[in-house]
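First up is the structure itself, then whatever we jot down about it.
Any read-out appearing in this document is the output of simple, stated calculations on the displayed coordinates, not a laboratory observation. Note that this is a predicted model, so its numbers are computed, not measured. In this analysis, Cβ positions are derived from the backbone assuming ideal geometry, glycine residues included, and neighbour counts consider all displayed protein chains.
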Amino acid sequence: MIKACVFDLGNTLINDSLLSRNATEEMSRWLWERALIASEEDFLATFRRINHGTSKPFISHTFGEAEFFQKTFAELGVKDISAEEALETYRNLLMARMEPDPGIAETFTFLRERGIRIALLSNERTVRVDAYLEKTKLEPLFDAIVVSESIGVEKPDHRIFQEVLTRLDIRGEEAAMFGDNQIADGASKEWGFLFVLVTAYLNRDWVWEEGQPYPPDHVMGKITPAEMAEFLSVRTANG
């Protein structure tokens, strides 16, 4: 019996790939209009290469890092704006675009009505998750929120899955993990979770974790009440 549904954030509850791309393009335009960069195209290519090529614990590829701008500006010879000012502007542009994915709140309400607990489990900076929750107003619908930066371990480290189980007070066999990453989210299977691969925003270029990809127990497009009802009915039929 499924007692809890645990959700990844980026490219699961929200289209991080599109959000990041659009905010970066707006940022390049903002810099160009102020004559701070010589070429929008060079800025975009350099920033994206540095972002994608940086793999460190507890950074946010979506919400941005000062390091991304420091390295980009150094390569391009940009000197009239600080990395910190650029990061603040970028995050403001991104926040203006950040909206709850259609169907998420309805799906969470659907689960709550059935007595199923809900958790967020994300490899992210706390500040990014806080911004998402503030903008979308979804925080009251979660029974537990576990962010990698706040506890010092990231998926696929098994300790992060134990943490969410402890907070929900359930066993792994009573939970389902919903995510787009077969390495990071799929590792929940080692704790007995059912792993549901969410494919609507799946971007295989956005995988920084190392390890074994796990086969999903179920595949879902978007997280909607209809798709969730189908998943639960399949699990019930299979015992």
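For the stretch 158-213, run through the GluC sites (Glu not before Pro) and keep only the ones in DSSP coil with at most 15 other Cβ atoms within 10 Å of their Cβ.
Numbers: sites: Glu163, Glu173, Glu174, Glu190, Glu209, Glu210; in loops: Glu209, Glu210.
Those satisfying the criteria are Glu210.
Tell me, which longest segment in the chain has none of the trypsin sites (Lys or Arg not before Pro) that fall in DSSP loops with at most 15 further Cβ atoms within 10 Å? Before the final figure, lay out each step's value.
Working: sites that count: Lys3, Arg34, Lys79, Arg114, Lys137, Arg171, Arg204.
In short, 35-78.
With Cβ to Cβ distances under 14 Å as the rule, what net charge do the other residues near Val234 carry (K, R +1; D, E -1)?
Combined, the nearby Lys, Arg, Asp and Glu give -2.
Report the FRET efficiency, 1/(1 + (r/R0)^6), for Arg48 and Glu99, where r is their Cβ-Cβ distance and R0 is 25 Å, rounded to 0.05. Present the calculation step by step, with values, prior to reporting the outcome.
Details: r = 23 Å, r/R0 = 0.91.
Given R0 = 25 Å and the Cβ-Cβ separation, E is 0.65.
Assuming 0.36 nm per residue, please report the length gained on full extension of the stretch Asp169 to Arg114 beyond their Cα-Cα distance. List each step's numbers first, then the result.
Numbers: separation 55, 0.36 × 55 = 19.80 nm, distance 1.75 nm.
Gain on stretching Asp169 to Arg114: 18.1 nm.
Calculate the FRET efficiency for Arg34 and Glu67 from the Cβ-Cβ distance with a Förster distance of 25 Å, rounded to the nearest 0.05. Can you show the working numbers first?
Working: r = 22 Å, r/R0 = 0.88.
Computed FRET efficiency for Arg34 and Glu67: 0.70.
Does anyone have the angle between helix 16-33 and the longest principal axis of the chain? Alpha-carbon axes, 0 to 90°, nearest 10?
It is inclined by approximately 10 degrees.
Tell me the angle of helix 83-97 to the major Cα principal axis of the chain, expressed in degrees between 0 and 90 and rounded to the nearest ten.
The angle comes out near 50 degrees.
Sum up the charges of everything whose Cβ sits under 12 Å from the Cβ of Trp206, counting Lys and Arg as +1 and Asp and Glu as -1, but leave Trp206 out. List each step's numbers first, then the result.
Values: positive: Arg21, Arg48, Arg204; negative: Asp8, Asp16, Asp180, Asp205, Glu209.
For residues surrounding Trp206, the net value is -2.
Return one number: the angle in degrees, 0 to 90 and rounded to the nearest 10, between the long axis of the Cα atoms of helix 126-136 and the longest principal axis of the Cα atoms of the chain.
Tilt of helix 126-136: around 80 degrees.
Once you treat every alpha carbon in the stretch 17-97 as an equal point and sum by Debye, what is log10 I(q)/I(0) at q = 0.21, 0.26 Å⁻¹?
-0.92, -1.50
State the dimensionless ratio Rg/Rh of the stretch 1-138 (Rg: radius of gyration of Cα atoms; Rh: Kirkwood radius). Each step should come with its number before you reach the end.
Values: Rg = 17.4 Å, Rh = 16.3 Å.
Answer for the stretch 1-138: 1.06.
Two-decimal Rg/Rh of the stretch 99-187 from alpha-carbon positions, Kirkwood Rh? It would help to have the intermediate numbers written out before the result.
On the way: Rg = 12.9 Å, Rh = 13.7 Å.
Expressed as Rg/Rh, it is 0.94.
So if we plug the beta-carbon distance of Asn203 and Arg235 into 1/(1 + (r/R0)^6) with R0 = 30 Å, what FRET efficiency do we get, rounded to 0.05? Present the calculation step by step, with values, prior to reporting the outcome.
On the way: r = 27 Å, r/R0 = 0.90.
It comes out at approximately 0.65.
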